[in-house]
Amino acid sequence: MKAETTKTSVVERFLRYVQLDTQSDESSDTVPSTAKQLVLLDLLVTELRSLGITDATRDEHGVVMATIPATTRKPGVPVIGLLAHVDTSPESPGAGVKPLVHRAWDGRDLVLPDDSSIVLRASELPELAAFKGHDIITASGTTLLGADDKSGVAAIMAAVEYLLAHPEIPHGAIRIGFTPDEEIGRGADHFDVTRFGAFCAYTLDSGLLGQLDAETFSGDSATVTFTGFNTHPGYAKDRMRNSIKAAADFLTRLPADALSPETTHEREGYLHPYVIEGGVDRTSIRMIVRDFAVSGLHEREALLQRLAREAAAAHPGISATVEVRENYRNMREVLDQHPQILDHAREAIRRAGLTPLDSAIRGGTDGSRLSFMGLPTPNLFAGQHNFHSKLEWVAATELEKAVETVVELAKVWEEQA
């Protein structure tokens, strides 16, 4: 496979896609959570059809599905899937993205023009330093870039284009899927695994060249709510019960030097308060709970329950509740039952001239849930770095290699059938 065959397609597609604002919204109760995601989803349907895929559709929930027809005459080749999400994180501004291509980057600090305080320094970013001399793509300093996961979207679309242009490459049927709302944990809510009809799938939603994520955190969300009583502050003596103070007390009881995102790494789990809202009579704290083992989740949730009770008890008249909702589970439990899914991915990565890097994600993907819904789905690299931030970047080389890996993956599944 010649790199120049896909280079223009994947980079050009990426630069176009990131300029569309597709942020999801956790506070929304619509499906998808924001209508603007449908702009890109509908565009993808149009582009898939223009490439010759007649069954490309977008359903009422925003899920796009399509099929690359099989070219092989070999019987029994499993149908595989390729997946990416179109939404970007609500954690950084996502409107008005202006992508910049830093050609043949010379290794000096990249000062982004729209905010000179946003600087990518090779001395601080060893992953970036490895791409000296390559084309680097960033935003302009005031927004995220959107490589999470428009790099995956662009790589899949470029691979579709390449495979359709080269029917001499033998492969089985390949299902394509694009989803909304992954960033807010709803990407798989309305994904019809039966209709998708694949034996397995691969999300393209990871970073380093050659990275293969076969394991994720198990994740839950928790809402800790303190309820008090509000009255006029001028006449509040012995009557007012201030839930804000109880909530603040609860937060100070969380470990200061452990069990938080800023104090853990590798396989260590955490508790993370990320939104607090309310007033005197009622204050809620939204938290995420993460661990690679479900038993670790239960330990952390038991700690939340205890600390909430203690904080409430320290403030007479205040009550506390902790509500826990399951988000996703470690996909390793499912993938271990199908070793060929990972073996074929590793072989495809090697054929693309890379070294497979088995990884465990300190987070989750659509594949975490889909695996437990009957669609085993590990995660492949697509070149995302510093995602969810204004320092986000991707190297053009990574986009090109992601396309090459997908094409090789299609070949491997056909050969090994």
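A few comments on the model shown:
- Filter on Lys132/Lys390; Lys74/Lys150; Lys74/Lys401; Lys98/Lys132; Lys98/Lys411 - keep pairs with C-alpha separation over 25 Å: Lys74/Lys150; Lys74/Lys401; Lys98/Lys411
- The chain - percent relative contact order, Cα under 8 Å, separation 6 or more: 24 percent
- Cα lying deepest toward the dipole's positive end in the range 81-170, options Val86, Val153, Val97, charges on Cβ: Val97
- Look at the alpha carbon pairs under 8 Å that are at least 6 residues apart: their mean separation over the length of the range 33-139 gives a relative contact order of 20 percent.
- Carbon/sulfur fraction of accessible area - the range 295-384, other protein chains in place, 1.4 Å, %: 48 percent
- Our helix-only sum for the chain, with -39,500 (n - 2.57) per DSSP H run of n ≥ 4 divided by its residues, gives a mean residue ellipticity at 222 nm of -9500 deg cm²/dmol.
- Reference-scaled alpha-carbon Rg (2.2 N^0.38 Å with N residues) for the range 150-251: 1.97
- Looking at the chain, the DSSP beta bridges with both ends there are about 70 percent antiparallel.
- Summary value for the range 316-392: 33 percent relative contact order, contacts being C-alpha pairs under 8 angstrom separated by 6+ residues.
- When you filter the trypsin sites (Lys or Arg not before Pro) in the range 120-155 for DSSP loop state and at most 12 other Cβ atoms inside 10 Å of their Cβ, nothing is left.
- Qualifying GluC sites (Glu not before Pro) in the range 57-162, where qualification requires a DSSP coil assignment and no more than 15 other C-beta atoms within 10 Å, comprise Glu60, Glu91, Glu124.
- Candidate cross-link partners of Lys237 among the lysines, defined by an alpha-carbon separation under 28 Å and a same-chain spacing of 8 or more, comprise Lys245.
The values are calculated or read from the model by the stated rules, or taken from the named source; none is laboratory data. For clarity, every value in this text was computed on a predicted model and none was experimentally measured. We place every Cβ from the backbone using ideal geometry, glycine too, and count neighbours over all the protein chains shown. Heads up: the accessible areas ignore ligands, DNA and RNA and are worked out on the full protein's heavy atoms, side chains in. Shrake-Rupley method; radii C 1.70, N 1.55, O 1.52, S 1.80 Å.
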